[in-house]
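S.K.: Supplied in structure tokens, the structure appears directly below.
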Amino acid sequence: MDLLERAPLLEELSGVLAATAAGGRVVLLAGEAGIGKSAVVRRFTERQPADTRPLLGACDPLLTPRALGPLHDIARQTGGRLDELLDSGGPREAVFAAFLDQLAQPSRRQVVVVEDAHWADEATLDLLVFLGRRMERTRALLLVTYRDDEVGPDHPLRGVLGALPQGVVHRARPEPLSEAAVAELARRAGRPATGLRELTGGNPLLVTQVLAAGDAGVPMTVRDLVLARLAGLPADAREVVRLVAVVPTRAELWLLEQAARPAPSAVEVGVSAGLLVVGPEAVGFRHELLRQAVEGSLSALARRELNRRVLEVLAGAPGRRVDLARLVHHAREAGDVEAVLRYAPEAARQAAAVAAHREAVGHYRAVLAHDERIPVAARAELLEDYSVEAYLSGLSGEAVSARKAAVDLREAAGDREKLGETLRWLSRLHWWDGNRQEAEAAAARAIAVLEPLPPGHQLAMAYSNQAQLDMLANRSEAAMGWATRAIELARRLDDQETLTHALTNIGSARVNGGDPGGRVELEEAFQVAVAAGLEDHAARAVCNLATLSAETRDDRHARQDLDRALAFAQAHELAGYTQHVLGHRARVRLDQGDWTGAEQDAQAALAEPVKGGPRVVDALVPLGLLRSRRGDPDAAATLQEATERAFATSELQWTAPVAAARAEYAWLHGDDRRAAEEAAGIFELAVRDGHQWFAGELACWLRLAGAPVRAPAVMAEPHRLLLAGDWRAAADAWRERGYPYQQALALACGDQDEALLEALALLDGLGARQTALRLRRQLRQRGNLRVPRGPTRATAANPAGLTGRQVEVLGLLAQGLTDAEIAEQLSLSAKTVGHHVSALLAKLGVGSRREAAAAARRLGVGSAKVREPGGQS
């Protein structure tokens, strides 16, 4: 059957496939349910020549999705090492590498299809990022379909789309059928077309279902259409359709034969009715919406019974590889608690092994819902594993609750070693949840529980955990003491994990305290971790080295350290560390005058698929500073988000930069009193902890705001010079470091017009419009009548006085994009886009998006080009 109005889209896809001769590509095929994505994919793969191999995988709407479900589908088609690794539970890195090797084969072109990525598990999302960043090494095409109307700003797939490299991504979408196409389908069905396009919106699935519904009383919903069709089938055909309906995606022929034993004619009737399709190995519905309509019509008892029959066949299928996630799904739907207890723990462990942490959490929740039927020791172990997966999923509150329940069980059982271990973990989880007081208490208790026992790995890690807490609180002497005890015990036990952890703590404490010798311990920690295959510990060591170099303004090492750490984190797909390092590199580039690079790094950091945790602050601060200095209206919202994340931790590494940024924002807007308040709150803490850069920066903001300030005993040289009144020497010190903005601020403290004009030239060159505006006012207040007007790039481009970013937002808004779609295009948050839209509506003097679009056309503001997702704005 021909696909109406899809030839241009098929040609478009063929063009992208042809381009893979020069390197692989990614196509994102988006659209609402029923718009025809699967039909286009099917036709596209069918029309390829024999030397092009399609590899088809799909994500399933299971209660808890299969970990790497699409890859398991594909492995059954490829066989070989990929299939062996997945079957044996091989490490995720090896699985991903084997698949990349498969795609890199030069002998034939391959088209990889991942359908319904809006249902993808966490590991599959990681796989998409992994492949996207390496597709250019292959000649393959990765074709991903998803429902864009179900992918909101917080959907996990959104972060993946932002992390894909722009250069390899092509976006496509099937459009609704036109009035002419709908009329043609109606003609073929012998039905009138009047009102059909308006009724269905041109959605192909709805059009075909309405046309097949019969003449009288056309129903308005897919559910009504399907159930009317189902009611007209013979009893045996209805039974087949209902059984297939409880099997998400498709039912294998062997499963259908054993669970229902249908006559072939019963299946054929379901196909003739337009409900089912039969492939070489499986039966499924024509569309997931049809399956859901039938499944939702089943009574609770019928649904349980059908799932029980499916579970019985799947569980008793010798020699067949059945995903445990499918068994858990049908066990839960059948209300079979014993089967849930039997399969869910192993399904969770398998999901965790491939970093499908959200899916592991789902399985642990399912089994722990029946915790009264689980023996105490096994329940404690399940809770501990559950807490780790919740932590890795960004569910810190859930992780803490599970770990506290495990502590109670371990304590009641009198297992002191296990109790000590789980208390140490509880300390870590409390810290991540922003509760330092409870973290400190759990850490101390872990040591107290473990010290009376024979020294072992758990005690060594408890010492190192305490060292980490002290290091993060800038208690360097205490941190080095605990880390030294941990290192001594680790070397005696040949405990490489504790050794690298403790070396990282002691090295970080020393570098943070101004001792460059700490670099030696950090390098050793990295080498120990790499040799032991502990990639997370290796990343922690090399990233601490890099971010501390940036934080302490070690200009000799910072850029090289950051680039090295970023390469390691990206090579190992460690999104949290990647975000952390990119944020710090953004701040370094901002300080060094590379504002374009700073914005790119900050936006790339925010696009990383990371949920929860404070590391996003590292990117929000330079981005907020950049927007503040330019006078962008969304600066306040950016800094507010940074504030909420940073102050939840009570840690100086995040609170001090945010306090300084908020002080600068207030000062730039002429609110010196508030600027002083913002800086004063954290200044004393920075002085107490002896952080020379944080203390000095906050002291200088107090000075610029006109507040009395005592010079800290320890602070960086440029700050010391400024506070001593030697603004010229401070400016020279910043110039020698290559920090033009800080140089301008120092010059702005001078009492000579010549210095102020020099500062103004630096600020205009950087594009610091808001900072330059304050300085121009200062010059005029001094009586200088020859103040340079300065650049007017932001307002000359359009008569409405919009900023460059607002012009971009307006161009996309004029094309009918929603805030979420604009956010994806420009790598912003939907909240930030909302602020932009509000600001431009006010500037244009209009009250609606439609009026704004009309104003854009009237003012000649060109439409922004909709880019392929994945790059920076």
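The values are calculated or read from the model by the stated rules, or taken from the named source; none is laboratory data. Note that the structure is a prediction, hence the values are computed from the model and not measured. Here the Cβ is made from the backbone with ideal geometry for all residues, glycine too, and neighbour counts use every protein chain on show. Each accessible area value is taken on the protein alone, full model and side chains, heavy atoms only, with ligands, DNA and RNA left out. Shrake-Rupley method; radii C 1.70, N 1.55, O 1.52, S 1.80 Å.
S.K.: Answer yes or no as to whether Leu503 is within 21 Å of Ser549 (Cβ to Cβ) and touching a residue at least 60 places away in the same chain (Cβ under 8 Å).
M.R.: For Leu503, the condition - within 21 Å of Ser549 (Cβ to Cβ) and touching a residue at least 60 places away in the same chain (Cβ under 8 Å) - is not met.
S.K.: Six or more apart or on different chains, Cβ under 9 Å: which pairs go from a residue in segment 328-342 that's closer than 7 Å to Leu311 by Cβ to one that's of a type in the set (S, T, N, Q) and open to solvent by 40 Å² or more (accessible area, probe 1.4 Å)? Could you list them?
M.R.: Every condition considered, no pair remains.
S.K.: Residues that are in contact with a Ser or Thr (Cβ under 6 Å, 6 or more places away or on another chain) and open to solvent by less than 10 Å² (accessible area, probe 1.4 Å): list the helices (runs of 4 or more DSSP H) wholly contained in segment 642-739 that include at least 1 such residues.
M.R.: Answer list for segment 642-739: 652-668.
S.K.: Which of the helices (runs of 4 or more DSSP H) found entirely inside segment 1-110 contain at least 1 residues meeting this: more than 30 Å from Arg332 (Cβ to Cβ) and open to solvent by 40 Å² or more (accessible area, probe 1.4 Å)?
M.R.: The qualifying helices (runs of 4 or more DSSP H) are 7-19, 37-46, 80-88, 92-103.
S.K.: Right, here's the next one. May I ask you to list the residues in segment 184-213 that are hydrophobic (A, V, I, L, M, F, W, C), surrounded by fewer than 17 Cβ atoms within 10 Å (Cβ to Cβ) and part of a loop (DSSP other than H, G, I, E, B)?
M.R.: Within segment 184-213, Ala212 is the sole residue that qualifies.
S.K.: For segment 566-620, which positions are within 15 Å of the chain's Cα centre (by Cα) and part of a loop (DSSP other than H, G, I, E, B)?
M.R.: Residues satisfying the conditions are Glu573, Leu574, Glu608, Pro609, Val610, Lys611, Gly612, Gly613.
S.K.: Is it true that Arg309 is out of contact with any His (no Cβ under 6 Å at 6 or more places or on another chain) and either in a helix (DSSP H, G or I) or at pLDDT 95 or above (or both)?
M.R.: So Arg309 passes the test.
S.K.: Within segment 592-614, count every residue that is more than 18 Å from Glu573 (Cβ to Cβ) and of a type in the set (A, V, I, L, M).
M.R.: Residues that pass the stated criteria total 2.
Conditions (1) touching a helix residue (DSSP H, G or I) at 6+ places or on another chain (Cβ under 9 Å); (2) outside any helix (DSSP H, G or I); (3) open to solvent by 10 Å² or more (accessible area, probe 1.4 Å); (4) under 17 Å from His330 (Cα atoms), marked per residue:
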{"site": "Arg349", "(1), (2), (3), (4)": "yes, no, yes, no"}
{"site": "Ala355", "(1), (2), (3), (4)": "yes, yes, yes, no"}
{"site": "Ala380", "(1), (2), (3), (4)": "yes, no, no, no"}
{"site": "Glu384", "(1), (2), (3), (4)": "yes, no, yes, no"}
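S.K.: Name every residue in segment 499-558 that is assigned to a helix (DSSP H, G or I) and among the acidic types (Asp, Glu), in order of residue number.
M.R.: Just the residues of segment 499-558 that are assigned to a helix (DSSP H, G or I), to begin with: 499-512, 518-532, 535-551, 558.
Listed by number, the residues that qualify are Glu521, Glu523, Glu524, Glu535, Asp536, Glu551.
S.K.: Taking interchain pairs and intrachain pairs at least six residues apart, which have beta carbon atoms under 6 angstrom, with the first residue in segment 676-703 and on the phi < 0 side of the Ramachandran plot and free of Cβ contacts under 8 Å to residues at least 40 places away in the same chain and the second of a type in the set (D, E, K, R) and crowded, with 24+ Cβ neighbours inside 10 Å?
M.R.: So the pair list comes out as Glu678/Arg662.
S.K.: From the list Leu131, Leu143, pick out the single residue that is assigned to a helix (DSSP H, G or I), in contact (Cβ under 8 Å) with a residue 60 or more places away in the chain and touching a strand residue (DSSP E or B) at 6+ places or on another chain (Cβ under 8 Å).
M.R.: Leu131
S.K.: Scanning for something open to solvent by 40 Å² or more (accessible area, probe 1.4 Å) and in contact with a His (Cβ under 6 Å, 6 or more places away or on another chain), does segment 143-150 turn up at least one residue?
M.R.: Checked segment 143-150: at least one residue is open to solvent by 40 Å² or more (accessible area, probe 1.4 Å) and in contact with a His (Cβ under 6 Å, 6 or more places away or on another chain).
S.K.: Would you please name the residue that is nearest to the chain's Cα centre (by Cα), looking only at residues in segment 232-247 that are open to solvent by less than 10 Å² (accessible area, probe 1.4 Å) and farther than 10 Å from Ala266 by Cβ?
M.R.: Val247
S.K.: Residue check: is Ala369 among the aliphatic types (A, V, I, L, M), surrounded by fewer than 21 Cβ atoms within 10 Å (Cβ to Cβ) and more than 23 Å from Arg66 (Cα to Cα)?
M.R.: For Ala369, the condition - among the aliphatic types (A, V, I, L, M), surrounded by fewer than 21 Cβ atoms within 10 Å (Cβ to Cβ) and more than 23 Å from Arg66 (Cα to Cα) - is not met.
S.K.: Ok, one more. Among the residues in segment 624-640, are any touching a residue at least 60 places away in the same chain (Cβ under 8 Å), buried (at least 20 other Cβ atoms within 10 Å of the Cβ) and among the acidic types (Asp, Glu)?
M.R.: Yes.
S.K.: Next up: Of the residues Glu477, Glu497, only one is in contact (Cβ under 8 Å) with a residue 24 or more places away in the chain and either open to solvent by 40 Å² or more (accessible area, probe 1.4 Å) or touching a Cys at 6+ places or on another chain (Cβ under 8 Å) (or both); which? Talk me through it step by step, then tell me what you get.
M.R.: Working: Glu477 fails: in contact (Cβ under 8 Å) with a residue 24 or more places away in the chain.
That would be Glu497, the only listed residue that is in contact (Cβ under 8 Å) with a residue 24 or more places away in the chain and either open to solvent by 40 Å² or more (accessible area, probe 1.4 Å) or touching a Cys at 6+ places or on another chain (Cβ under 8 Å) (or both).
S.K.: To continue, here is another question. When segment 433-461 is examined, which residues are found to be in a helix (DSSP H, G or I) and surrounded by fewer than 18 Cβ atoms within 10 Å (Cβ to Cβ)?
M.R.: The answer is Arg436, Gln437, Glu438, Glu440, Ala441, Ala444, Ala448, His457.
S.K.: Under 6 Å between Cβ atoms, which residue pairs at least 6 apart in sequence (or on different chains) link something in segment 588-608 that is more than 19 Å from Ala635 (Cβ to Cβ) and without any contact (Cβ under 8 Å) to a residue 60 or more places away in the chain with a partner that is aliphatic (A, V, I, L, M) and open to solvent by less than 20 Å² (accessible area, probe 1.4 Å)?
M.R.: Going by the 6 Å Cβ cut-off, the qualifying pairs are Val588/Ala550; Val588/Ala558.
S.K.: Just to be sure before I move on: is Arg223 in a helix (DSSP H, G or I), surrounded by 18 or more Cβ atoms within 10 Å (Cβ to Cβ) and of a type in the set (Lys, Arg) in the structure I sent? Steps first, answer last, please.
M.R.: Details: in a helix (DSSP H, G or I): yes; surrounded by 18 or more Cβ atoms within 10 Å (Cβ to Cβ): no; of a type in the set (Lys, Arg): yes.
So Arg223 does not fit the description; no.
S.K.: Could you tell me whether any residue of segment 182-190 is touching a residue at least 60 places away in the same chain (Cβ under 8 Å) and over 17 Å from Ala30 (Cα atoms)?
M.R.: So far as segment 182-190 goes, yes, one or more of its residues are touching a residue at least 60 places away in the same chain (Cβ under 8 Å) and over 17 Å from Ala30 (Cα atoms).
S.K.: While we're here: Which of the residues spanning segment 790-821 are touching a His at 6+ places or on another chain (Cβ under 8 Å) and at pLDDT 80 or above?
M.R.: Once the filter is applied, which keeps residues that are touching a His at 6+ places or on another chain (Cβ under 8 Å) and at pLDDT 80 or above, segment 790-821 yields only Val809.
The rows are residues; the columns are (1) out of contact with any Lys or Arg (no Cβ under 9 Å at 6 or more places or on another chain); (2) modelled with pLDDT under 95; (3) on the phi > 0 side of the Ramachandran plot.
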site: Leu419; (1), (2), (3): no, no, no
site: His430; (1), (2), (3): no, yes, no
site: Ala443; (1), (2), (3): no, no, no
site: Met471; (1), (2), (3): yes, yes, no
site: Ala486; (1), (2), (3): yes, no, no
site: Arg491; (1), (2), (3): yes, no, no
site: Asp494; (1), (2), (3): yes, no, yes
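S.K.: Right, here's the next one. Among the residues of segment 260-288, what is the count of those that are open to solvent by 10 Å² or more (accessible area, probe 1.4 Å) and closer than 25 Å to Ala325 by Cα?
M.R.: The qualifying residues number 12.
S.K.: With the requirement that a residue be open to solvent by 50 Å² or more (accessible area, probe 1.4 Å) and part of a helix (DSSP H, G or I), what does segment 409-420 give you?
M.R.: Across segment 409-420, the qualifying residues are Glu411, Ala412, Ala413, Arg416, Glu417, Lys418.
S.K.: While we're here: I need the full set of residues from segment 45-94 which are of a type in the set (Ser, Thr, Tyr), within 21 Å of Leu125 (Cα to Cα) and touching a residue at least 40 places away in the same chain (Cβ under 8 Å), in order please.
M.R.: Hit for segment 45-94 is Thr64, nothing else.
S.K.: Any residue in segment 95-117 that's among the charged types (D, E, K, R): show its pairings with residues that are open to solvent by 40 Å² or more (accessible area, probe 1.4 Å) and in a helix (DSSP H, G or I) at Cβ separation under 9 Å, as long as the two are six or more apart or on different chains.
M.R.: That search, which allows pairs on different chains as well, returns Asp101/Arg81; Arg109/Ala21; Glu115/Ser38; Asp116/Ser38.
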